[in-house]
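The values are calculated or read from the model by the stated rules, or taken from the named source; none is laboratory data. Fair warning: this is a prediction, and the values are worked out from it, not measured in the lab. So basically every Cβ, Gly included, is an ideal-geometry build from the backbone, and we count neighbours across all protein chains shown. Note: areas computed on protein heavy atoms with side chains; ligands, DNA, RNA excluded. Shrake-Rupley method; radii C 1.70, N 1.55, O 1.52, S 1.80 Å.
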Amino acid sequence: MNAKPELRYLFQPRGVAVVGASSNSDKIGYKIVDNIVSGGYQGRIYPINPKGGELLSLPVFPSLQDVNGLIDLAVIVVPARGVVEAVQACAAKNVKFITIISSGFAEIGKADLETQIANYARSQGMRVLGPNVFGIYSSRASLNATFGPKRVKKGRVAIVTQSGALGIAMMGRSVVESVGLSAMVSVGNKADLDEGELIEYLVNDEETRLVLLYVEGMPHGERFVETVRKATKTKPVLVIKSGRSSHGAAAVASHTGSLAGSDAVFDAVMRQCGVIRAENLRDAFGWCKFLDYSKPALGPNTVIITNGGGIGVLATDACEKYGVYLYEDLAVLRASFSKVTPAFGSVKNPVDLTGEATPSTYQEALNAGLDNDNIHAVIGLFCQTAVFDGNALEAMIADAYQKYTEKGKPIVFTLLGGELVESSILALSNRGIPIFSEVYEAISCLGVAFAQSRHMVEPHYRIEEAQIDAATISQITRAALEQKRFFLLPQEARAIMDAAHIGLPVSRVARTIDEAVQYAEEIGFPVVMKVVSRDIVHKSDAGGVALDLDDAAEVMDAYQAIMSSCREHAPHAVVEGVEIGQMVLKGTEIIVGARRDPSFGPVVMCGLGGVYVEVLKEVAFGVYPLSRREAMSMIKQTKAYQILLGARGEERKDIEAVIETLLVVGAIVKQCKDISDIEINPIMVYESGAGVKAIDVRILLSKSQETA
Ligand code: ACO
């Protein structure tokens, strides 16, 4: 296998060939050559077409072999059936990168063909972008090798997109929205190059200030996580993802899977890696623009300056939603704003200048915010009034924006009003000033910028891998798979918990009523009883559980009740016995689990346990391995955190033991490939230092690991 070429040759090729260049101006092979020429690319352009001749004043070469110069990038735009031959010709010409525009591969079920092409290309020292792409734009090389819009605004935002049509739309929209691009890469079917490698290059590219991804699916999620975790410490990475959940939900048959499809996992993993997720293009472009133009704030203290009370309240809500901290020191606020605020206004944040505010009072308030070193960012809200000369608005905002930017203080504006206001918004927005007609849009920009700053200054925490006895665990899972069983019986799950040193209440499986009484007496009353059957997954629903049994008589009654109820509920179920367990002391019930995600590999999960899981469906996910800090932040995302901290005067619970358990279940799924899902629900958490006890453990095995 030849060495991989450096990615800079994709973004700064010295020569570009277009295989399938056409003089028919309706064809994509024409549009691409036209875009390369009109974009002002300075390298050599080689249109390739067996007919030869001339195209857009360039000589057309009958084949790649006829070209004398260096070709770093070949754009293939011939029908799918001709692609293999064209790629072979590229190899003979020592091409470094190939962009395969042609459709007709994995998207129509021909994944093998594109894999063969990608493998062949790599074996020849070439890399492939695509197939099924619309091309690449690179501002450094003034190269527009796409069949997207001709006009591109150069700038510092790099977009990597899986969807071609949407990518083309984003290219057009970026001009309208005044978002300058450093690159636009269409990755299509990702037979070879994918987002991970491209991000790695782009975060090191001086011309790129931030990266925006449009993703539909992520087959190599684990690799992506590794790259993007590092990348976001240097530059913002934003993502828009569509295609919510369907294959994840289908792939995960367990209880955990029914709580949340793959989209929740995607969301959690992006958050864990510091990637900013946008719901739609509008937010994404707004945030890109803001992050591109603004410098990181020196601190979190934000002040709202408004001439309307209602919009001030809306903005306060938006600040809470987007994690923007509203500065509260009344003495400082009074010192800065009392001279511009009438007695019936408010110097409390939001600073309400009231409907009486004129351009000069507004200007003064903005200056006061600028001059006060305790204030790090300002949100300017304006509602059109008859007292305020709207014609003064544009100049006032432009002036404030410039002064704030020079001082390194982020500022965003929201303007509400009629035609004059709308035209001011448009004019200012075209000048790159963050100005919006919606409070939430404006404040989300600030929230995203603060989140990015916080993420960048947060130290790298050590990613932990827990130690487990994987060999013992594998023996247990292999034995079950040999019986063609894809879930473990309670005693097997128990043995795995023992091997992983996760505490369990004492228990034994009784096969007769006498054994049940004997074991209960040995364990000590009170006890709990649960049916043991591979055919009954939801034991409570089948009447297979009895709690808090105080003596032998209760155990006998419960045994009979469990047996008859399970017979009725699941007449064909094979019942192996009844588990007699120690009645556990009450603690905080939470759920902890791990599963193998089709994209991201081992993923851990936690949340409020017991019945709350069903009712609240509120769990947090994290990709494994993870740092203790990340595990803690998962717990903090759920309502379990407040309870674990000790609600209503209770002692703080053993959160460290929960973190340890999360790491251990993650390690089991990572190291024991037979296991696809573990769910401990509930796991009782006791006071600090007293640890946890796994009450109910369910372990599913992966069908693909069945012994051959
Ligand atoms: N070397 C050089 N030229 C060749 C070769 C070759 N090996 N084979 C054919 N050609 C020439 C053809 O003669 C033709 O030139 P001509 O116009 O002078 O006759 C030219 O290459 C193009 O070939 P055609 O057979 O005319 O193919 P056409 O242009 O109709 O389609 C294309 C080619 C665009 C690659 C098509 O097969 C395709 O896949 N279209 C979909 C592209 C797409 O949507 N990609 C995803 C983008 S993302 C999105 O969804 C927007």
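Key figures
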item: Failed criterion for D34 (all others in (1) assigned to a loop (DSSP other than H, G, I, E, B); (2) within 16 Å of the ligand (Cβ to nearest atom) hold); result: (1)
item: Residue within segment 339-358 that is in a strand (DSSP E or B) and surrounded by 20 or more Cβ atoms within 10 Å (Cβ to Cβ) present; result: yes
item: Among residues of segment 617-644, those that are aliphatic (A, V, I, L, M) and either open to solvent by 10 Å² or more (accessible area, probe 1.4 Å) or more than 17 Å from F266 (Cβ to Cβ) (or both), counted; result: 7
item: Matching option when the condition is touching a Gly at 6+ places or on another chain (Cβ under 8 Å) and assigned to a strand (DSSP E or B), among F413, F450; result: F413
item: Filter result (under 21 Å from R277 (Cβ atoms) and either in contact with a strand residue (DSSP E or B) (Cβ under 8 Å, 6 or more places away or on another chain) or among the aromatic types (F, W, Y) (or both)) within segment 442-475; result: A442, I443, C445, L446, V448, F450, A451, Q452
item: Qualifying residue in segment 183-197 (condition: within 10 Å of the ligand (Cβ to nearest atom) and either farther than 28 Å from K4 by Cβ or at pLDDT below 95 (or both)); result: yes
item: Condition check for A558: assigned to a loop (DSSP other than H, G, I, E, B), surrounded by 19 or more Cβ atoms within 10 Å (Cβ to Cβ) and not β-branched (V, I, T); result: no
item: Residue that is most open to solvent (accessible area, probe 1.4 Å) [pool: residues in segment 42-52 that are part of a loop (DSSP other than H, G, I, E, B) and within 9 Å of the ligand (Cβ to nearest atom)]; result: K51
item: Qualifying residue in segment 300-314 (condition: assigned to a loop (DSSP other than H, G, I, E, B), on the phi > 0 side of the Ramachandran plot and modelled with pLDDT under 95); result: no
item: Within segment 61-81, considering residues that are loosely packed, with under 15 Cβ neighbours inside 10 Å and under 37 Å from the mean Cα position of the chain (by Cα), the one nearest to the ligand (Cβ to nearest atom); result: P79
item: Among residues of segment 604-633, those that are farther than 18 Å from V669 by Cα and assigned to a strand (DSSP E or B), counted; result: 3
item: Complete set of residues in segment 509-524 that are in contact (Cβ under 8 Å) with a residue 24 or more places away in the chain and open to solvent by 80 Å² or more (accessible area, probe 1.4 Å); result: R511, E521
item: Which numbered condition A91 misses (of (1) part of a helix (DSSP H, G or I); (2) under 30 Å from R431 (Cβ atoms)); result: (2)
item: Selection count where residues are of a type in the set (A, V, I, L, M) and more than 20 Å from F436 (Cα to Cα), scope segment 366-381; result: 3
item: T208 vs. criteria hydroxyl-bearing (S, T, Y), modelled with pLDDT of 95 or more and within 12 Å of the ligand (Cβ to nearest atom); result: no
item: Criterion violated by L326 - all others in (1) modelled with pLDDT under 95; (2) over 20 Å from K403 (Cβ atoms) satisfied; result: (1)
item: Qualifying positions in segment 565-616 - of a type in the set (D, E) and either at pLDDT 90 or above or open to solvent by less than 20 Å² (accessible area, probe 1.4 Å) (or both); result: E568, E576, E579, E589, D597
item: Qualifying positions in segment 422-442 - open to solvent by less than 30 Å² (accessible area, probe 1.4 Å) and touching a Ser or Thr at 6+ places or on another chain (Cβ under 8 Å); result: I425, S429, G432, P434, I435, F436, V439, A442
item: When residues of segment 82-92 are limited to those that are open to solvent by 40 Å² or more (accessible area, probe 1.4 Å) and more than 9 Å from the ligand (Cβ to nearest atom), the one farthest from the chain's Cα centre (by Cα); result: A92
item: Single residue of G20, G39, G15 found to be surrounded by 15 or more Cβ atoms within 10 Å (Cβ to Cβ), away from the ligand (no atom under 16 Å from the Cβ) and either under 23 Å from N68 (Cβ atoms) or free of Cβ contacts under 8 Å to residues at least 60 places away in the same chain (or both); result: G15
item: Answer residue from segment 1-12, given it is part of a helix (DSSP H, G or I) and under 19 Å from I100 (Cβ atoms) and is nearest to the ligand (Cβ to nearest atom) among those; result: L10
item: Verdict on L428 being more than 24 Å from K153 (Cβ to Cβ) and part of a helix (DSSP H, G or I); result: no
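Yes or no, residue by residue, for (1) within 16 Å of the ligand (Cβ to nearest atom); (2) open to solvent by 50 Å² or more (accessible area, probe 1.4 Å); (3) in a loop (DSSP other than H, G, I, E, B):
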{"residue": "V95", "(1), (2), (3)": "yes, no, yes"}
{"residue": "T99", "(1), (2), (3)": "yes, no, no"}
{"residue": "G104", "(1), (2), (3)": "yes, no, yes"}
{"residue": "D112", "(1), (2), (3)": "no, yes, no"}
{"residue": "Q116", "(1), (2), (3)": "no, yes, no"}
{"residue": "N119", "(1), (2), (3)": "no, yes, no"}
{"residue": "V128", "(1), (2), (3)": "yes, no, no"}
{"residue": "V133", "(1), (2), (3)": "yes, no, yes"}
